[in-house]
Amino acid sequence: MGSSILPDLGAEILIPVCAVIGIVFSLAQWLLVSKVKLSPGRDSGSPGNNGAGGKNGYSDYLIEEEEGLNDHNVVIKCAEIQTAISEGATSFLFTEYQYVGIFMVAFAILIFLFLGSVEGFSTKSQPCTYDKSKMCKPALATAIFSTVSFLLGAVTSVVSGFLGMKIATYANARTTLEARKGVGKAFITAFRSGAVMGFLLAANGLLVLYIAINLFKLYYGDDWGGLFEAITGYGLGGSSMALFGRVGGGIYTKAADVGADLVGKVERNIPEDDPRNPAVIADNVGDNVGDIAGMGSDLFGSYAESSCAALVVASISSFGINHELTPMLYPLIISSVGIIVCLITTLFATDFFEIKAVKEIEPSLKRQLIISTVLMTIGIGIVSWVALPSSFTIFNFGDQKAVKNWQLFLCVAVGLWAGLIIGFVTEYYTSNAYSPVQDVADSCRTGAATNVIFGLALGYKSCIIPIFAIAMSIFVSFSFAAMYGIAVAALGMLSTIATGLAIDAYGPISDNAGGIAEMAGMSHRIRERTDALDAAGNTTAAIGKGFAIGSAALVSLALFGAFVSRAAISTVDVLTPKVFIGLLVGAMLPYWFSAMTMKSVGSAALKMVEEVRRQFNTIPGLMEGTAKPDYATCVKISTDASIKEMIPPGALVMLTPLIVGIFFGVETLSGVLAGSLVSGVQIAISASNTGGAWDNAKKYIEAGASEHARTLGPKGSEPHKAAVIGDTIGDPLKDTSGPSLNILIKLMAVESLVFAPFFATHGGLLFKIF
């Protein structure tokens, strides 16, 4: 067997040190962003004064070259709009968290009662689940510690989302102001702000998990099986908050977006983000609560669950049985090295290469993905060599499978590279630089119907290669290291999470920057720059969703394997009716869930459209720009709708495993999990790519950068209106239903795993009666 090269103390130092480096780096990036001042410089009272006041003349030379506008007023206007967006986002999240907080406490009590009742709340030691000859801690301890780790995961998830939103709303106006110096400066500000969120989230997730493991160890001692079973609550907490964040934020942002687009662009023929549009502030707030706060919580949930799935399987393999700490912490060491790799990668975008032209933006973001993947492959190789014994055994449904360290390296690497493939395929299908989106744009010539047909076909087609990539990585990693291999493949995909999140958060920040430029009345030239940043951001957001969906599929399968082991099911036989009915119902759930979220967006958008129309019709001087719209009413419509509408889809996902497990038992539940995984992944990929393609087809026509695009434009032409309708249909697909589905498949699997001891002893009531 042998032991690892890295001593236990080395691993115990490495993990927290890397996490702290990540936090320090994100603070350093935040300081650099904060150097862009949002108040006019002291000496710049008179227009055109480019004196060297402020630090190194920094604040003044910012207010240079705006054409024909009083610079002083532009900066003040940007600051006002930023404050409005920030306050709207903060108040929505506080309202959302109040409701989610009540749910969190109720669910924590449920976890405690269900898991405590497994042994009738006994405080006596019991035989271990996987080795009856040894005695382990009582089920009551698992109940208490699972509840604590659930609350820890939930709080960390909420904080991740909230901090992300704060950083994005801090950076949006600063990006707008930097766009006056050139596209390169604006890009760096937006990207740095994204990096703040990426590194904070990756480092916090790692640090909290590491501290929780060490604190739990004080009680559990040598009972590692019990310890890591209790830790799975951390993933459940993270994902359950992410579900409400994604669904609530997604309904909010899309109700505002659809309302603003349909009335503003299609009916009134005013540009996007025009300050006369009453829904414009709600739309920009929505970018921050849905795309930033929701996505932050979502990727944190994936990260927490893949770590938990790997740790649970490892604790009943040779690492856990022989109490080898360094190999046991292998998943956390990968994430630690990932933070360092992403740190180096970020410097390539902000310090090593400067962006001088619009066409360099997208390649620069793609370079981030390639550099981080190549460096991470080397990092994983080193970690696998140093932190793992040369050979060891992995738990494989009751047996122990002999595995070598190079095989585990390949499992992680295959996940990492599958993530890159999914990212690039997503980019090919959603970027307007390639033929699929240009074909969709071209189909707008004959109206909205052909646009919708082409867009749907594109989404379905875009599933093919990602599914092969996921299937390939599952086959390779399972062949080498059973379910543990799949869990670390998912971790491999998420190991560069800091870079992935930086690229992802960059999109909504650029989108907001463009909105602020339009509302502050800046020149057309500046709006063009922010639009270029935003178009690249749309594609990167689609890449981020591709990563989230791919990793969710692997994480869900790993958790499914852990659940099957924990519930002591020897095989899941599809031909038995118990399992097959579960498969059918499970495959239906993503459709039911999507129907709920789409309908919620539709009904909220209906109210929004009516309100925007009412204001245009009843406020005199609104279209002329002499009267101000009532932004607050639109913000309230979005807030009320999303809070009310996020409860039913959330309840569907959270209650399904409980109802199926209690009444139908673990076999049927295993069918439900497999069914939801298989259909959920397909719908999620096609929905987010269809929506992304429609959005970029509209931007392709608006930008008019090529001869072909100019034949379809300009803004306001019939093809453009058809493109706007396609974009509006795609909004709830790409920002509400699609991204929420990956949480559905993970959350049901992790919840089943946490409640597995209860289902195994008390589940299947209906089959027991008949």
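The values are calculated or read from the model by the stated rules, or taken from the named source; none is laboratory data. From a predicted model like this one, the values you see are computed outputs, not experimental measurements. FYI the Cβ positions are ideal-geometry reconstructions off the backbone, even for glycines, and counts take in every protein chain you see. Remember, those area values only see protein heavy atoms, side chains included, never the ligands or the DNA or RNA. Shrake-Rupley method; radii C 1.70, N 1.55, O 1.52, S 1.80 Å.
The set of residues in region 140-176 being under 30 Å from VAL75 (Cβ atoms) and either open to solvent by 10 Å² or more (accessible area, probe 1.4 Å) or assigned to a loop (DSSP other than H, G, I, E, B) (or both) consists of PHE162, LEU163, LYS166, ILE167, TYR170, ARG174. Selection of region 214-246 for residues being among the charged types (D, E, K, R) and under 24 Å from the mean Cα position of the chain (by Cα) yields only ARG246. Annotation note: Cβ proximity below 8 Å between a residue of region 216-233 that is closer than 13 Å to SER125 by Cβ and aromatic (Phe, Trp, Tyr) and a residue that is modelled with pLDDT of 90 or more and open to solvent by less than 10 Å² (accessible area, probe 1.4 Å) (sequence gap 6+ or interchain) occurs for TYR220/LEU227; TYR220/ALA230. Against the test of being at pLDDT below 85, of a type outside the set (Asp, Glu) and open to solvent by less than 10 Å² (accessible area, probe 1.4 Å), the options ALA349, ALA387 yield a single qualifying residue, ALA349. For region 121-139, indicate whether the set of residues that are part of a helix (DSSP H, G or I) and surrounded by fewer than 22 Cβ atoms within 10 Å (Cβ to Cβ) is non-empty. No: zero hits. Checking the stated criteria, THR95 turns out to be open to solvent by less than 60 Å² (accessible area, probe 1.4 Å), closer than 30 Å to SER638 by Cβ, in contact (Cβ under 8 Å) with a residue 24 or more places away in the chain and hydroxyl-bearing (Ser, Thr, Tyr).
Do you know which of the residues in region 247-278 that are under 21 Å from the mean Cα position of the chain (by Cα) and over 25 Å from MET654 (Cβ atoms) is surrounded by the fewest Cβ atoms within 10 Å (Cβ to Cβ)? So the residue we want is ASP257. Before we move on, is VAL750 surrounded by 24 or more Cβ atoms within 10 Å (Cβ to Cβ) and assigned to a helix (DSSP H, G or I)? When the stated conditions are applied, VAL750 passes them. On inspection, LEU343 qualifies as open to solvent by 10 Å² or more (accessible area, probe 1.4 Å), out of contact with any Asp or Glu (no Cβ under 9 Å at 6 or more places or on another chain) and in contact (Cβ under 8 Å) with a residue 24 or more places away in the chain. For VAL412, state whether it is surrounded by fewer than 24 Cβ atoms within 10 Å (Cβ to Cβ), in a helix (DSSP H, G or I) and hydrophobic (A, V, I, L, M, F, W, C). No, not satisfied. Does any residue of region 201-213 turn out to be more than 15 Å from the chain's Cα centre (by Cα), closer than 17 Å to ASN512 by Cβ and of a type in the set (S, T, N, Q)? No, that holds for no residue. Exactly one residue out of PHE758, PHE770 is under 30 Å from ALA568 (Cα atoms), open to solvent by 10 Å² or more (accessible area, probe 1.4 Å) and either touching a helix residue (DSSP H, G or I) at 6+ places or on another chain (Cβ under 6 Å) or at pLDDT 95 or above (or both): that is PHE758. Consider region 584-625 and keep the residues that are aliphatic (A, V, I, L, M) and within 16 Å of ILE683 (Cα to Cα). The one that is surrounded by the most Cβ atoms within 10 Å (Cβ to Cβ) is LEU589. Can you name every residue in region 665-677 that is within 18 Å of THR571 (Cβ to Cβ) and of a type outside the set (Asp, Glu)? Scanning region 665-677 gives GLY665, VAL666, THR668, LEU669, SER670, GLY671, VAL672, LEU673, ALA674, GLY675, LEU677. Taking the listed residues ILE281, ILE316, ILE333, ILE321, the one that is crowded, with 21+ Cβ neighbours inside 10 Å and over 28 Å from the mean Cα position of the chain (by Cα) is ILE316, with no other qualifying.
Name the one entry in PHE560, PHE580 that is open to solvent by 30 Å² or more (accessible area, probe 1.4 Å), closer than 23 Å to CYS411 by Cβ and in contact with a helix residue (DSSP H, G or I) (Cβ under 8 Å, 6 or more places away or on another chain). Criteria check complete, one pass: PHE560.
In region 606-720, counting only helices (runs of 4 or more DSSP H) that sit wholly within it, the ones holding 2 or more residues that are among the small types (Gly, Ala, Ser) and within 21 Å of ALA255 (Cα to Cα) span 631-645, 647-703. Residues that are under 25 Å from THR350 (Cα atoms): which helices (runs of 4 or more DSSP H) entirely in region 424-510 hold 1 or more of them? Ranges flagged: 464-494. The numbered conditions (1) in contact (Cβ under 8 Å) with a residue 60 or more places away in the chain; (2) open to solvent by 20 Å² or more (accessible area, probe 1.4 Å); (3) within 21 Å of LEU677 (Cβ to Cβ) are all true for THR633 except (3).
Highlighted here are the helices (runs of 4 or more DSSP H) found entirely within region 282-400 that include at least 1 residues which are hydroxyl-bearing (Ser, Thr, Tyr) and under 27 Å from ASN742 (Cα atoms): 295-315, 330-347, 361-387.
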